[in-house]
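See structure below.
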Amino acid sequence: MIRGIRGATTVENNHADEIVQRSAELLADLVQQNGIQPEDIVSVFFTVTEDVTEAFPAKSIRELEGWTYVPVMCMREIPVPDSLQKCIRVMVTAETTKDQADIHHIYHHEAQELRPDLKR
């Protein structure tokens with residue numbers, strides 16, 4: 001079965017190193033919490049808010065061992081008034097035997113406010 005796994009994080013500053021680091025932390029937690037391997041992943045889509053411009057979050061994947069062939073794309077989030085700023089969101093589609101209710105969606109830092117209903 002292919003499932004979508006969501007996650008998000010925020011950065012304090014629009015600095016390339018922080019964007020890559022926070023994206024890597026988010027992805028590592030998402031993969032670990034859901035017990036998936038790079039070869040299980042169909043694709044990864046990152047979005048960023050308008051104020052995240054100094055690096056592609058996908059760069060974080062290219063630094064991880066075993067992720068060379070994982071398809072990744074970055075896009076810009078729509079600019080909704082009063083939405084969370086300096087936010088990086090991710091959607092990972094992966095093959096898994098988990099039921100939908102057993103998927104762990106991961107939200108770090110200020111992004112935890114996006115889905116308080118998913119806190120475990």
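Take the residues in the range 48-99 that are in contact with a helix residue (DSSP H, G or I) (Cβ under 7 Å, 6 or more places away or on another chain), closer than 21 Å to ALA16 by Cα and small (Gly, Ala, Ser); name whichever of them is modelled with the lowest pLDDT.
SER60
Just one of the numbered conditions (1) touching an Asp or Glu at 6+ places or on another chain (Cβ under 7 Å); (2) basic (Lys, Arg); (3) closer than 21 Å to ASP117 by Cα is not true of ARG6; which one?
(1)
If I filter the range 101-109 for residues that are among the hydroxyl-bearing types (Ser, Thr, Tyr), in contact (Cβ under 8 Å) with a residue 24 or more places away in the chain, touching a helix residue (DSSP H, G or I) at 6+ places or on another chain (Cβ under 7 Å) and within 23 Å of VAL42 (Cα to Cα), do I get at least one hit?
Looking for residues that are among the hydroxyl-bearing types (Ser, Thr, Tyr), in contact (Cβ under 8 Å) with a residue 24 or more places away in the chain, touching a helix residue (DSSP H, G or I) at 6+ places or on another chain (Cβ under 7 Å) and within 23 Å of VAL42 (Cα to Cα), one finds at least one in the range 101-109, hence yes.
Can you tell me how many residues in the range 100-120 are among the aliphatic types (A, V, I, L, M), surrounded by fewer than 18 Cβ atoms within 10 Å (Cβ to Cβ) and at pLDDT below 90?
Within the range 100-120, residues that are among the aliphatic types (A, V, I, L, M), surrounded by fewer than 18 Cβ atoms within 10 Å (Cβ to Cβ) and at pLDDT below 90 number 1.
Pick from the range 1-47 the residues that are small (Gly, Ala, Ser) and in contact with a helix residue (DSSP H, G or I) (Cβ under 6 Å, 6 or more places away or on another chain): which of them is nearest to ASP102 (Cα to Cα)? Give the steps one after another, and end with the answer.
So in the range 1-47, the residues small (Gly, Ala, Ser) come out as 4, 7-8, 16, 23-24, 28, 35, 43.
Retained after the next criterion (residues that are in contact with a helix residue (DSSP H, G or I) (Cβ under 6 Å, 6 or more places away or on another chain)): 7-8, 23-24.
On the way: GLY7: 15, ALA8: 18, SER23: 23, ALA24: 22 Å.
Among them, the one singled out is GLY7.
Of the residues that make up the range 66-86, is at least one in contact (Cβ under 8 Å) with a residue 40 or more places away in the chain, touching a strand residue (DSSP E or B) at 6+ places or on another chain (Cβ under 6 Å) and under 20 Å from GLY4 (Cβ atoms)?
The answer is no, given that none of the residues of the range 66-86 is in contact (Cβ under 8 Å) with a residue 40 or more places away in the chain, touching a strand residue (DSSP E or B) at 6+ places or on another chain (Cβ under 6 Å) and under 20 Å from GLY4 (Cβ atoms).
Failed condition for ARG22, given (1) assigned to a helix (DSSP H, G or I); (2) surrounded by fewer than 20 Cβ atoms within 10 Å (Cβ to Cβ); (3) in contact (Cβ under 8 Å) with a residue 40 or more places away in the chain, with all others met?
(2)
Look through the range 86-120, keep the residues that are under 14 Å from the mean Cα position of the chain (by Cα) and among the hydroxyl-bearing types (Ser, Thr, Tyr), and return whichever of them is farthest from THR53 (Cα to Cα).
Checking each candidate, the answer is THR93.
The values are calculated or read from the model by the stated rules, or taken from the named source; none is laboratory data. Computed from a predicted model, the values in this text were never measured in an experiment. In this analysis, Cβ positions are derived from the backbone assuming ideal geometry, glycine residues included, and neighbour counts consider all displayed protein chains.
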